[in-house]
1. Tell me which residues come under 5 Å, amide H to amide H, from CYS61 once H is placed; ignore anything under 5 positions away on its chain.
2. What list of ³J(HN,Hα) values in whole Hz, one per residue of the stretch 4-9 in order, does the Karplus curve 6.51 cos²θ - 1.76 cosθ + 1.60 (θ = phi - 60°) give from phi, with Gly and Pro shown as x?
3. Taking a virtual spin label 7 Å from the Cα of SER27 along the C-beta vector, which residues in the stretch 35-65 bring their backbone nitrogen under 17 Å of it?
4. From the backbone phi of the stretch 37-43, what are the Karplus-calculated ³J(HN,Hα) couplings (6.51 cos²θ - 1.76 cosθ + 1.60, θ = phi - 60°) in whole Hz, Gly and Pro given as x?
5. Please list the non-local residues whose amide H lies under 5 Å from the amide H of MET49, H modeled 1.01 Å from N, same-chain partners needing a gap of 5 or more.
Amino acid sequence: MVLRNYRIFSQIIFSLQLFLCFMRAPSNDVQCKQAGGTCSTNHCPLPNMRSFGRCQQGVPCCRTVAIYD
């Protein structure tokens, strides 16, 4: 019984680690483009672009955000 609980617990922890890895914000230009974003030189253009990471120091990674009326 203890061994079975340990296996279930380890599988849950492993799944959470994978899930959190895929949810990390981009930290360079390659990761930004892979996540569907674009690097902006100054700031993200409004109204439908938002920063969700960075491409390099001081350069945001911007992605289009759906706006519902």
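1. PHE52, GLY53, ARG54, CYS55
2. 5, 4, 4, 5, 5, 4
3. Residues passing the 17 Å test: 35, 52-61.
4. Along the stretch 37-43, the couplings run x, 9, 7, 10, 6, 10, 8 Hz.
5. HN-HN under 5 Å from MET49: VAL65.
Rule-based calculations on the coordinates, nothing more; no lab input. Since the structure is predicted, the reported quantities are computational estimates derived from the model, not experimental observations. All Cβ positions, even for glycine, are placed from backbone atoms using ideal geometry, and neighbour counts span all protein chains on display.
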